[in-house]
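**Q** Have a look at this one before I ask anything.
Where a number appears in this text, it was derived from the coordinates with a stated rule and is not lab data. Nothing here was measured: the structure is a model prediction, and the numbers come from that model. Don't worry about glycine lacking a Cβ; one is built from the backbone with ideal geometry, like all the others, and counts go over all protein chains shown.
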Amino acid sequence: MAVYAHDKVVPDKQSDAAKKTQVAEMFNSIAGRYDFLNRFLSGGIDIIWRKKAINELKAIRPKIMLDVATGTGDFAVAANKILHPDKIIGIDISEGMLDIGRKKIQKLHLDNKIELLAGDSETINFSNSSFDAITVAFGVRNFEDLEKGLKEMQRVLKPGGKISILECTMPKNVLVKSFYNFYMFSMVPAFGKIFARNKKAYLYLNNSVQAFPDREFFLEIMKRAGFTQTYYKPLSLGICCIYCGSK
């Protein structure tokens, strides 16, 4: 499989640990402040992005869903509210994030609808054609092997199923891009250091966005992984995109 620039972007360049291990440790360390910082750093607009990405799945009326890199379960909770599936399984490599997500789901009395499990996007522990729909919010950048992760998701998706991926992207407009770069490189790591006591995690956020194969390039990788009817929709002046594909 091809290796992409983003596959080699890691939270700690001084560490010899694999990207997957570093990412899990990074999210474990910021789990307690993750939801707060998501709202704070995006000005709450990430909630709207999630709704838009989930709305792309309405037409297929999924009954069984998989939320990859589920984190604290925000995407799964939103998908349940909008789509009303019978079951959502969320998987993530960070036990710290999953612990917070499980408490959130229990508090919302959604235990019978949403189940969060430890799981790796590159070796998904489910049979072929298990899910009607798959969602991923801000997770594909963290894959150690992007193409392998996409192929795994395509494998467990049912024929006729659809995937909706939400991911940060680089804006095309020069002025927007300048401000975005300043915010992501200077402000975000500073806030990360203050609120999460982890500047490296938020420097990694910027570096991984910069290296990610966005828009048409990412659609090409999705096609190589077996997805059809691929398309993307830019959001908020191009700082985020929804990517969709079918099987």
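**Q** Charges at C-beta only: +1 for Lys and Arg, -1 for Asp and Glu. How large is the resulting dipole of the chain about its Cα centre, in Debye rounded to 20?
**A** Rounded to the nearest 20 debye, it is 680 debye.
**Q** Here's a follow-up. Spelling out what I want: for every residue of region 101-112, take phi, set θ = phi - 60°, compute 6.51 cos²θ - 1.76 cosθ + 1.60 (Karplus), and round to whole Hz; glycine and proline get x.
**A** Once rounded to whole Hz, the list reads x, 5, 5, 4, 5, 5, 5, 8, 6, 10, 4, 7.
**Q** Right, another one. Amide H of Asp67 versus every other amide H placed in the peptide plane: which residues, excluding those fewer than 5 positions away on the same chain, fall under 5 Å?
**A** Those lying under 5 Å, H to H, from Asp67 are Ile89, Gly90, Ile91, Thr135.
**Q** Please state the shape class of the chain: rounded when a/c is under 1.5, otherwise prolate if a/b exceeds b/c and oblate if not, all from the C-alpha gyration tensor.
**A** The shape class here is rounded.
**Q** A further question follows. From the phi angles alone, apply the Karplus equation (6.51, -1.76, 1.60; θ = phi - 60°) to region 64-75 and give each ³J(HN,Hα) in whole Hz, x where the residue is Gly or Pro.
**A** 10, 10, 10, 10, 8, 6, 5, x, 8, x, 4, 5
**Q** Turning to a different aspect of this structure: Can you tell me, using C-alpha contacts under 8 Å and at least 6 residues apart, the relative contact order of the chain as a whole percent?
**A** The value is 22 percent.
**Q** Per 0.36 nm of contour for each residue apart, how much would the distance between Lys148 and Ser186 grow if the chain were fully extended, relative to their Cα-Cα spacing?
**A** 10.4 nm
**Q** Let me ask something else about it. Would you work out the charge dipole size for region 18-100 about its Cα centre, treating the Cβ of every Lys and Arg as +1 and the Cβ of every Asp and Glu as -1, and quote it to the nearest 20 debye?
**A** Its charge dipole is roughly 400 debye.
**Q** Also, quick follow-up: Return the FRET efficiency for the residue pair His109, Asp12: r is the Cβ-Cβ distance, R0 is 45 Å, and the value is rounded to the nearest 0.05.
**A** E between His109 and Asp12, to the nearest 0.05, is 0.70.
**Q** Continuing with this model, one more query. Just from its helices, what would the mean residue ellipticity at 222 nm be for the chain, if runs of 4 or more DSSP H residues each count -39500 (n - 2.57) and the sum is divided by every residue, rounded to the nearest 500 deg cm²/dmol?
**A** That comes out to -13500 deg cm²/dmol.
**Q** May I pose another question? Quick one: which of Lys81/Lys162; Lys81/Lys103; Lys107/Lys200; Lys19/Lys103 span more than 29 angstrom between C-alpha atoms?
**A** Lys107/Lys200
**Q** State which entries of Lys87/Lys233; Lys58/Lys247; Lys51/Lys233; Lys148/Lys172; Lys177/Lys233 exceed 23 angstrom in Cα-Cα distance in the structure shown.
**A** Among Lys87/Lys233; Lys58/Lys247; Lys51/Lys233; Lys148/Lys172; Lys177/Lys233, the Cα-Cα distance tops 23 Å for Lys87/Lys233; Lys148/Lys172.
**Q** Another one. From the phi of every residue in region 79-84, what ³J(HN,Hα) in whole Hz does the Karplus formula 6.51 cos²θ - 1.76 cosθ + 1.60 yield, where θ is phi - 60° and glycine or proline is x?
**A** Coupling constants for region 79-84: 5, 5, 5, 8, 9, 6 Hz.
**Q** Mind checking which of Arg39, Arg50, Arg102 has the largest fluctuation in a GNM of the chain, springs on alpha carbons under 10 Å?
**A** Of Arg39, Arg50, Arg102, the Gaussian network model singles out Arg39 as fluctuating most.
**Q** For the pair Ile45 and Ser246, how long in nm is the line joining their label points, each one 7 Å along Cα→Cβ?
**A** 3.0
**Q** Would you mind getting me the FRET efficiency between Asn128 and Leu237? Use the beta-carbon distance for r and R0 = 45 Å, nearest 0.05.
**A** 0.70
**Q** Could you tell me which of Ile134, Ala53, Thr70 has its Cα farthest along the dipole of region 1-146 towards the positive end, charges placed at Cβ (Lys, Arg +1; Asp, Glu -1), taken about the Cα centre?
**A** So the residue furthest toward the plus end is Ala53.
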